[in-house]
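Shown next, in structure tokens, is the structure this report addresses.
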There are 2 protein chains.
Amino acid sequence: MPIYFEDISVGETETFGSYTVSRDEIVEFARQYDPQPFHVDGEAAAESPFGGLVASGWHTAAMTMRVLVDGFLERAATRGALGVDELRWYDPVRPGDTLSARTEVVATEPWSDAYGKVDVRVETHVDGEVVCSMVGLILFARREP
Amino acid sequence: MPIYFEDISVGETETFGSYTVSRDEIVEFARQYDPQPFHVDGEAAAESPFGGLVASGWHTAAMTMRVLVDGFLERAATRGALGVDELRWYDPVRPGDTLSARTEVVATEPWSDAYGKVDVRVETHVDGEVVCSMVGLILFARREP
């Protein structure tokens, strides 16, 4: 049974994961979408402020999304998100890192006859540290429109 | 010569692009990072509120990033971004769409001895419509730390 707007309460927290990223995947994503030297070139990355190859922040966000889809969005009656607030990258993700995600429902409000908006704070964790966070603004279908 | 913090002024606007996305690329990205039915399954997408296959919002953001890297970030002395505010998806990107990006510098401030923070509003355009927008918080190296 899908997760509807009415099934979600402010304050709920959950933890999902995991996703382990390889050096090859970091380079492949960045060659296509973010070919800055510290994402695609190990030597240039070593001499950059990052001190080594790091994942694009967009790649970190995308991997976090995969964890959330596997964790609950694939069972949710959503029609996607309106957007994201306060996306922050605190520490870069590096080859071999394993990501997990912690979610907290911070607000819910009716959006239309058919949908409700749920604000979900998401933290991406690697080795117990928060490397990325954001607040997703997700539309969930209402069970009884 | 790279673009330094001192080279950037509030109010500057530019337009960059383009990036054309195929159906195969939409599905490939989504299978890896956002395998919700409306991103990976044409039949399910046709029956969804989107009425057809649409790109993951994270894919739209990543393609926008590629346009920005090709347009100016590859020449910029940056050390990445602190994050993004007010990321919004207004209309989905569909197979065959061509994206371009419009940037406007909305704020600059010194961040440390070595870096300055530049807030850049980015709009992603398809056929003259804004499909996505965000404010990137980018660290540029100072020419004279």
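The values are calculated or read from the model by the stated rules, or taken from the named source; none is laboratory data. The structure presented is a predicted model; accordingly, all values stated were derived computationally and were not measured. All Cβ positions, even for glycine, are placed from backbone atoms using ideal geometry, and neighbour counts span all protein chains on display. Ligands, DNA and RNA are excluded from the accessible area calculation, which covers all protein heavy atoms including side chains. Shrake-Rupley method; radii C 1.70, N 1.55, O 1.52, S 1.80 Å.
Figures for the structure shown
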quantity	calculated
MRE, 222 nm, helices only [DSSP H, n ≥ 4, -39500 (n - 2.57), over the protein assembly as shown, to nearest 500]	-6500 deg cm²/dmol
Shortest-first distances to equivalent copies, position B:Y90, nm, label 7 Å out along Cβ	3.3
Histogram of C-alpha separations across the range B:5-141, 5 Å bin width, %	2, 10, 19, 21, 17, 12, 8, 6, 3, 1, 0
Cα long-axis angle, helix B:57-71 against chain B (0 to 90 degrees, to the nearest 10)	40 degrees
Summed side-chain charge close to A:V131 - residues other than A:V131 whose Cβ falls under 10 Å, Lys, Arg +1, Asp, Glu -1	-3
Portion, in percent, of the accessible area of the range B:5-141 that falls on carbon or sulfur, probe 1.4 Å	44 percent
Chains B and A together, accessible area buried on both sides, 1.4 angstrom probe, square angstrom	3100 Å²
Label point 7 Å beyond Cα along the C-beta direction, distances from A:D41 to other copies (nm, shortest first)	4.3
Rounded accessible area of B:F5 (nearest 10 Å², 1.4 Å probe)	30 Å²
Charge dipole of chain B about the Cα centre (unit charges at C-beta), most positive-ward option of B:G52, B:V131, B:G80	B:G80
Net charge contributed by nearby residues that have their C-beta within less than 10 Å of B:V105 (K/R +1, D/E -1)	-3
Stokes-Einstein D (µm²/s) once Rh is taken as the Kirkwood radius of the range A:93-132 over alpha-carbon pairs, at 10 °C in 1.306 mPa s	132 µm²/s
Per-copy distances of the B:M1 label point, shortest first, in nm (7 angstrom along Cα→Cβ)	6.8
Taking the C-alpha atoms of the protein assembly as shown, convex hull volume expressed per residue in Å³	131 Å³
Angle in degrees between helix A:23-33 and the longest Cα principal axis of chain A, rounded to the nearest 10	70 degrees
